[in-house]
Amino acid sequence: MSPSTRQPTVTAVSLERGRGALVLVLGILSLVMFGLITGIPAWVMGHADLKRMKDGLMESTDEGLTRAGMILGIIGTMISGFVVLVIIVVVFGIAAAVGLALFEAKSLEFHKEAVESEIYTLAEHAYAYRLDTGSYEGYEIPVDLKKTENASYSISIISSDRVSISARARNRRASIEATLNANGRLVDWIYRGAFSENEDHNGVHSRIQWRIPRSMLSP
């Protein structure tokens with residue numbers, strides 16, 4: 001045989017063995033137990049092996065198992081990712097709700113204390129009027145004290161030696177009342193609405209809360 005008619009030598013190429021069984025097991029485990037832990041490897045390995053089979057670098061006998069395992073891995077990854085996302089949202093939602101509740105409780109306490117402080121200021125002013133005139137009758141709240149950023153205030157003359165100071169909180173359904181006696185003491189504190197510890201379903205104070213604070217002025 002002449003050199004010109006000699007047939008070329010064909011070299012057999014050894015193909016990689018497929019990992020279909022492994023990919024399938026990982027995909028199944030991602031659905032029943034391990035989620036993202038085995039789902040992502042099944043997805044990545046399956047995709048890589050199918051590409052190598054398409055390029056002729058890997059045996060295609062396990063193509064069906066590989067494809068099934070990859071699909072299961074994708075489904076397991078998606079489901080687990082959704083569950084993890086829901087858990088994160090729920091945890092952050094609970095944390096935000098608790099934080100908001102604590103903030104609101106603290107804000108309410110600060111608001112109540114601010115209103116109480118302004119009631120003391122009004123009482124001091126009213127008592128000074130009584131010391132000058134000998135009676136609370138005729139006393140009127142100064143314009144700059146009638147409305148503040150915390151509450152609106154009013155006074156009811158009970159008698160010449162007793163007045164009731166009322167405060168209606170701004171931006172809240174809450175109020176405070178206290179009685180200023182002849183000795184300059186604030187007594188019989190009544191808290192309603194949000195400032196009360198006990199409210200019924202309509203937001204109305206269901207138990208009067210009495211408090212006798214320290215004297216503002218000399219008895």
Mind checking which residues of region 79-111 are in contact (Cβ under 8 Å) with a residue 24 or more places away in the chain and either of a type in the set (S, T, N, Q) or under 17 Å from PHE34 (Cα atoms) (or both)? ILE79, SER80, GLY81, VAL83, VAL84
GLU104 passes all but one of the listed conditions (1) modelled with pLDDT under 90; (2) among the charged types (D, E, K, R); (3) surrounded by fewer than 10 Cβ atoms within 10 Å (Cβ to Cβ); the exception is number (3)
Which one of these is modelled with pLDDT under 90 and not in a loop (DSSP other than H, G, I, E, B): ILE119, ILE176, ILE158? ILE158
Residue count for region 140-155, restricted to those that are surrounded by fewer than 19 Cβ atoms within 10 Å (Cβ to Cβ) and assigned to a loop (DSSP other than H, G, I, E, B): 5
Output the residues belonging to region 147-197 that are closer than 17 Å to SER117 by Cα and among the acidic types (Asp, Glu). GLU149, GLU177, ASP188
Subset of region 32-46 (residues that are in contact with a Ser or Thr (Cβ under 9 Å, 6 or more places away or on another chain) and either of a type outside the set (Val, Ile, Thr) or assigned to a loop (DSSP other than H, G, I, E, B) (or both)): PHE34, GLY35, LEU36, GLY39, PRO41, ALA42, TRP43, MET45, GLY46
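Matching residues to (1) closer than 30 Å to GLY27 by Cβ; (2) out of contact with any helix residue (DSSP H, G or I) (no Cβ under 7 Å at 6 or more places or on another chain):
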position	(1), (2)
GLU63	yes, no
VAL86	yes, yes
PHE92	no, yes
HIS111	no, yes
TYR136	no, no
ALA151	no, no
ASP161	no, yes
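The values are calculated or read from the model by the stated rules, or taken from the named source; none is laboratory data. Because the structure is a prediction, the values reported are computed rather than measured. With ideal geometry, Cβ positions are generated from the backbone for all residues, glycine too; neighbour counts draw on all protein chains shown.
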